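The values are calculated or read from the model by the stated rules, or taken from the named source; none is laboratory data. Just so it is clear, the structure is predicted and the values come from calculations on it, not from any experiment. Cβ coordinates were reconstructed from backbone atoms using ideal geometry, including for glycine residues, and neighbour counts include every protein chain displayed.
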Amino acid sequence: MPQADSTVLLREAAALHARGALAEAERLYRQLLRRQPNDPNAHNLLGVLARQRGDAAGALRHTERALAAAPEEPVFLANRGAALAEAGRLPEAVLAFRAALARRPEDPITLRNLGQALCGLGDAAAALAPLEQATALLPEAPEPRLALAHARREAGDAAGAAEAAAAALARAGAQPALAEQARFLLAALGAAPAPDRAPAAYVRDLFDQFAPRFEAELTGRLDYRTPALLAALLGRAGLPQARTLRVLDLGCGTGLSGAALAPFARRMEGLDLSPRMLAEARKRGLYHALHEADLLDWLPRQPAAFDLIAAADVLNYLGDLAPALAAIAGALVPGGIAAFSVEVGEGAPFALGEAMRYRHDPAHVGQVAQAAGLAPMARQDAVLRTEKGAPVQGALFVLRKPKGALPAR
Ligand SMILES: C[S@@+](CC[C@H](N)C(=O)[O-])C[C@H]1O[C@@H](n2cnc3c(N)ncnc32)[C@H](O)[C@@H]1O
């Protein structure tokens, strides 16, 4: 293909891509690559397209090919960094972002990506400078302000975080999901009233980003033990590990909880808001079915479908537990068991902490469970995991729906 033709083809593909016509754009990129298999621009843009589709492996492959042909190109380095971040390879992503910025220092998107990767690595202090630079370069954009607000919160600067979150909210305009997230952050900082629950879009984004690193971090640095503690409490409450029950792993995440519940299950289903957490769970080959949904929407459509419903480290994304516990009760057969954890702490009946999770008063949780028709079987105070080196205090509940119970409405 003459150079002029390939330039036209690339321009056409990129225009389709920019309009969101991903399939057509991909077809043209691939057509170009059939003629010029090493074309770095086509590989770079296919890498971006793969990332948009959540195909982290494809994004890595294509960005590597682009850089093989043009190792110094800052745009390729920046997109390589974004692909690495998507795959959870944050230290390498930081190196790629820094290399891109060394060649093109005033790239606000890469500055923001660098800041977010540093935050993900737990180095919020180092994230502040690139995020502040990104907000200075794009003063009217809400996204860098929201990222800066999160970094300041993580770095312990609550007042600065609230100021940046308010600035993001003021600029959110026609982006309702971003506005809702800014409001939620303001509430977590005590600068706005706490809503009844974390916004679903916030939870989905949080865990989609976290998915590739979740298990390594939770079981390593964060010493996460809720699934094992909950399974042990179920055993002490008299549930045999006889693989006889239809189990629902509510907020199953990557399936750490499913693995702990497996000895009870004849059939196991999982449900989660985050498609990337579900993709990790699917790899376990443990679940008979996995559902992508909000538990409050999905449960009411499953009357008396399960013998055991467990939610490990999930209800702390909800403030008012009444709708969730009523929905769990409705989805249990009479005699069925509910098991879940909550984080406990100051503030009754519930409070939203700076870590953006809810804490509950265990006595109140007991009352809400009773109102939902769930009778107590076992309860345990426990350290659920650590956060910034400090224990996260929680309570575990095992409850039974009485045999004669009418299906909840
Ligand atoms: C901390 S993870 C715990 C995952 C798993 N249960 C475990 O023990 O490893 C919390 C999970 O709950 C999910 N989640 C939170 N709120 C939810 C909701 N309203 N509906 C469905 N899933 C939810 C999140 O997407 C996330 O995957």
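Annotation: of all residues in the range 250-260 being more than 6 Å from the ligand (Cβ to nearest atom), outside any loop (DSSP other than H, G, I, E, B) and closer than 21 Å to Val203 by Cβ, the one that is farthest from the chain's Cα centre (by Cα) is Gly258. For the range 234-249, name all the residues that are more than 7 Å from the ligand (Cβ to nearest atom) and either within 15 Å of Ala311 (Cβ to Cβ) or outside the structural domain of Asp313 (by TED's automatic domain parsing) (or both). Once the filter is applied, which keeps residues that are more than 7 Å from the ligand (Cβ to nearest atom) and either within 15 Å of Ala311 (Cβ to Cβ) or outside the structural domain of Asp313 (by TED's automatic domain parsing) (or both), the range 234-249 yields Leu234, Val247, Leu248. Residue check: is Arg213 within 25 Å of Arg89 (Cβ to Cβ), among the charged types (D, E, K, R), more than 10 Å from the ligand (Cβ to nearest atom) and assigned to a helix (DSSP H, G or I)? Yes.
Residues that are assigned to a helix (DSSP H, G or I) and either of a type in the set (Val, Ile, Thr) or within 8 Å of the ligand (Cβ to nearest atom) (or both) within the range 184-209 comprise Ala200, Val203, Arg204, Leu206, Phe207, listed in sequence order.
Every residue, every condition in (1) at pLDDT 95 or above; (2) in contact with a Leu (Cβ under 8 Å, 6 or more places away or on another chain); (3) buried (at least 16 other Cβ atoms within 10 Å of the Cβ); (4) part of a helix (DSSP H, G or I), yes or no:
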site: Glu24; (1), (2), (3), (4): yes, yes, no, yes
site: Arg27; (1), (2), (3), (4): yes, no, no, yes
site: Asn44; (1), (2), (3), (4): yes, no, yes, yes
site: Ala50; (1), (2), (3), (4): yes, no, yes, yes
site: Ala57; (1), (2), (3), (4): no, no, no, yes
site: Ala68; (1), (2), (3), (4): yes, no, no, yes
site: Phe76; (1), (2), (3), (4): yes, yes, yes, yes
site: Ala82; (1), (2), (3), (4): yes, no, yes, yes
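The set of residues in the range 261-273 being more than 8 Å from the ligand (Cβ to nearest atom) and in contact with an Asp or Glu (Cβ under 8 Å, 6 or more places away or on another chain) consists of Leu261, Met268, Glu269, Gly270.
Each residue in the range 384-409 was checked for being at pLDDT below 95, over 26 Å from Asp123 (Cβ atoms) and surrounded by 15 or more Cβ atoms within 10 Å (Cβ to Cβ), and 2 pass. Does any residue of the range 319-340 turn out to be among the aromatic types (Phe, Trp, Tyr), farther than 18 Å from Leu230 by Cα and within 12 Å of the ligand (Cβ to nearest atom)? No: the range 319-340 contains no residue that is among the aromatic types (Phe, Trp, Tyr), farther than 18 Å from Leu230 by Cα and within 12 Å of the ligand (Cβ to nearest atom). For the range 139-156, a residue qualifies if it is acidic (Asp, Glu), touching a Lys or Arg at 6+ places or on another chain (Cβ under 8 Å) and assigned to a helix (DSSP H, G or I), and exactly one does: Glu143. Inspection of the range 164-172 finds a residue satisfying the criterion of being away from the ligand (no atom under 16 Å from the Cβ), outside any helix (DSSP H, G or I) and more than 20 Å from Leu118 (Cα to Cα).
Please indicate, with yes or no, whether at least one residue in the range 296-306 is buried (at least 20 other Cβ atoms within 10 Å of the Cβ) and more than 12 Å from the ligand (Cβ to nearest atom). Yes, the range 296-306 contains at least one residue that is buried (at least 20 other Cβ atoms within 10 Å of the Cβ) and more than 12 Å from the ligand (Cβ to nearest atom). Being outside any loop (DSSP other than H, G, I, E, B) and either buried (at least 17 other Cβ atoms within 10 Å of the Cβ) or not assigned by TED's automatic domain parsing to the domain that holds Ala179 (or both) holds for only one residue in Ala136, Ala127, Ala159, and it is Ala127. Based on what the data block shows, is Asp223 at pLDDT 90 or above, among the acidic types (Asp, Glu) and either within 14 Å of the ligand (Cβ to nearest atom) or surrounded by 21 or more Cβ atoms within 10 Å (Cβ to Cβ) (or both)? No; evaluated as a whole, the condition is false for this residue.
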